[in-house]
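The values are calculated or read from the model by the stated rules, or taken from the named source; none is laboratory data. All figures in this text were calculated on a predicted structure; none of them were measured in a lab. Quick reminder, even Gly has a Cβ in these numbers, built from the backbone with ideal geometry, and neighbours come from all protein chains shown. Accessible surface areas use protein heavy atoms only, side chains included; no ligands, DNA or RNA. Shrake-Rupley method; radii C 1.70, N 1.55, O 1.52, S 1.80 Å.
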Amino acid sequence: MRCVILLGLVLVFVSLPMEARSQGNQKKFDDFVKASPAVGDSLPELSVFTSDGKPFQTADLHGHYTVLTFGCLT
Amino acid sequence: MFVYKSLAHPELVGNYVQPFTLDERLTHARQAVKKLGATIPWIVDPMDNRLKHALGDRANSEYIIDPTGTIVRKRAWSDPVAVRRDLEDLVGQVAKVTKPEDLGLPVVLTTAEPATNVEVARVSRLGMFPLIAQPKIAQGGMPFYVKLRCEAELTVIDDGKGKLYLGFHLDPFYQVHWNNLSKPLRFEFEVPDEIRLSETSGEAPRVKAESDVNPREFLIDVAQWPEDKPIRLTVTYFACTENDCREVTQVYEVHRRRDADGGAAPGAAFRGLTSEAMLKLLLSGDKNDDGQLTRSELNSVQRPRFADFDINADGILDKNELQKLADRTNAQALRDF
């Protein structure tokens, strides 16, 4: 669990506050939160990959709390 | 769990460009894991960007999933402090709070410098947005050492008229360079009669230095381009390492459609950003609201350039230095980010 809690902290390298906090984006952010899938919905079941290229099902994310944070190299 | 997706800001740091294949995207992800020394699990979105699309199409969104697979929190932009708060609510407090600096993670990305410091004229892309340019990938064919970045003014996307940008960027993962003793890159469009362009072919200008890694860029005037008519583009170039040069010919199909997963390259799509707006954006990282920025208040993309911005080298970006930086709201300044 500790690892999960650390997740958000580790991945701030992709956080660009210049975009995140501009007022112009606030409405977009609010709309995003309201849009589907919303809080209370199930996580869509999709097939993706692990970083070493093995298939991974999002449906397997059961049994524990998981933080999913999107990001990229730049 | 970190979800690795398409690049939000290609060419920003390290000249990374959008990958064309899953293998290339996996390589990106592994590079990031290595650079960051990350130990958390990573998953990689397939090339059709299905997870990004399914979860709202944001660059840095964040979800918390409960043990039943239900979304219990979501936000459009990752917020480590809020995540900690959420997790404390959901699963309880931890005995010791780990801070980012406790992890000792290396967060400096590699910057690919030109093989030789040469001036290659760059093309302005302000106000342009990426178009879909589908590479024709042949089974067992050569990698796309050079990747086409195609952008256009919104008038092209909306009405089929305006400026079209073609940028041929070396993919840093292949570690090749331009050998300027070889024939320069050349491209050719195959255009049906309904499409009218200022040029249907082009050749990169000769560069005096023997080698470099700068992109080869072109600006084309589009007079007419029906939305339903893709353009076939063939490019020929030499991809060179220290010991070898190979001639490569590759094909793309360029569509008059915006690539929603293309990301925003520096110098593009920021039209209209004023000095005042730029200053405000910079100060959005000002955690203690003192009107100045320390190195720790910059994000990790900006941080490697701190010394460049800190003109008097006192370790603080003061109002004067931030204003000067904000005043450089042109393509080059944005490229610096």
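Listed values, structure above:
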read-out	value
Neighbours by Cβ (under 6 Å, 6+ apart or cross-chain): first from region B:85-105, over 15 Å from B:VAL72 (Cα atoms) and at the interface with chain A (Cβ under 9 Å from one of its Cβ atoms); second open to solvent by 100 Å² or more (accessible area, probe 1.4 Å) and not in a helix (DSSP H, G or I)	none
Region B:26-45, residues that are open to solvent by less than 10 Å² (accessible area, probe 1.4 Å) and either farther than 24 Å from B:VAL213 by Cα or of a type in the set (Val, Ile, Thr) (or both)	B:LEU36, B:ILE43, B:VAL44, B:ASP45
Residue list for region A:21-37, filter: part of a loop (DSSP other than H, G, I, E, B), within 7 Å of another protein chain (Cβ to nearest Cβ) and modelled with pLDDT of 70 or more	A:ALA35, A:PRO37
So B:LYS35, is it closer than 17 Å to A:LYS28 by Cα, in the same structural domain as B:PHE20 (by TED's automatic domain parsing) and basic (Lys, Arg)	no
Which numbered condition B:ARG122 fails, given (1) in contact (Cβ under 8 Å) with a residue 60 or more places away in the chain; (2) crowded, with 17+ Cβ neighbours inside 10 Å	(2)
Yes/no for B:LYS74 being in a strand (DSSP E or B) and either open to solvent by 20 Å² or more (accessible area, probe 1.4 Å) or not aromatic (Phe, Trp, Tyr) (or both)	yes
Residue within region B:3-24 that is at the interface with chain A (Cβ under 9 Å from one of its Cβ atoms) and without any contact (Cβ under 8 Å) to a residue 24 or more places away in the chain present	yes
Index of the failed condition, B:VAL81 passing every other in (1) at pLDDT 95 or above; (2) outside any loop (DSSP other than H, G, I, E, B)	(1)
Meets criteria (open to solvent by 10 Å² or more (accessible area, probe 1.4 Å) and either facing another protein chain (nearest Cβ under 7 Å) or part of a loop (DSSP other than H, G, I, E, B) (or both)) for B:THR68	yes
Set B:ASP89, B:ASP57, B:ASP102, B:ASP23: member being assigned to a loop (DSSP other than H, G, I, E, B) and open to solvent by 30 Å² or more (accessible area, probe 1.4 Å)	B:ASP57
Residue satisfying condition, being surrounded by 15 or more Cβ atoms within 10 Å (Cβ to Cβ) and without any contact (Cβ under 8 Å) to a residue 60 or more places away in the chain, within set B:VAL248, B:VAL235, B:VAL207, B:VAL191	B:VAL191
Residue check for A:GLY40: surrounded by fewer than 13 Cβ atoms within 10 Å (Cβ to Cβ), at pLDDT 90 or above and not in a helix (DSSP H, G or I)	yes
Residue list for region B:38-52, restricted to those being in contact (Cβ under 8 Å) with a residue 40 or more places away in the chain, outside any helix (DSSP H, G or I) and either more than 9 Å from chain A (Cβ to nearest Cβ) or within 15 Å of B:GLY262 (Cα to Cα) (or both)	B:ASP45, B:ASN49
Number of the condition not met by B:LEU12 [criteria: (1) over 17 Å from B:ILE132 (Cβ atoms); (2) surrounded by fewer than 21 Cβ atoms within 10 Å (Cβ to Cβ)]	(2)
Residue, nearest to the chain's Cα centre (by Cα), within region B:304-332, restricted to residues that are modelled with pLDDT under 80 and open to solvent by less than 40 Å² (accessible area, probe 1.4 Å)	B:ALA331
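So that you can scan it fast, the table gives a plain yes or no per residue for (1) part of a loop (DSSP other than H, G, I, E, B); (2) of a type in the set (Lys, Arg):
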{"residue": "B:LYS183", "(1), (2)": "yes, yes"}
{"residue": "B:GLU188", "(1), (2)": "no, no"}
{"residue": "B:GLY202", "(1), (2)": "no, no"}
{"residue": "B:ALA209", "(1), (2)": "yes, no"}
{"residue": "B:ASP221", "(1), (2)": "no, no"}
{"residue": "B:PHE238", "(1), (2)": "no, no"}
{"residue": "B:VAL254", "(1), (2)": "no, no"}
{"residue": "B:ASP261", "(1), (2)": "yes, no"}
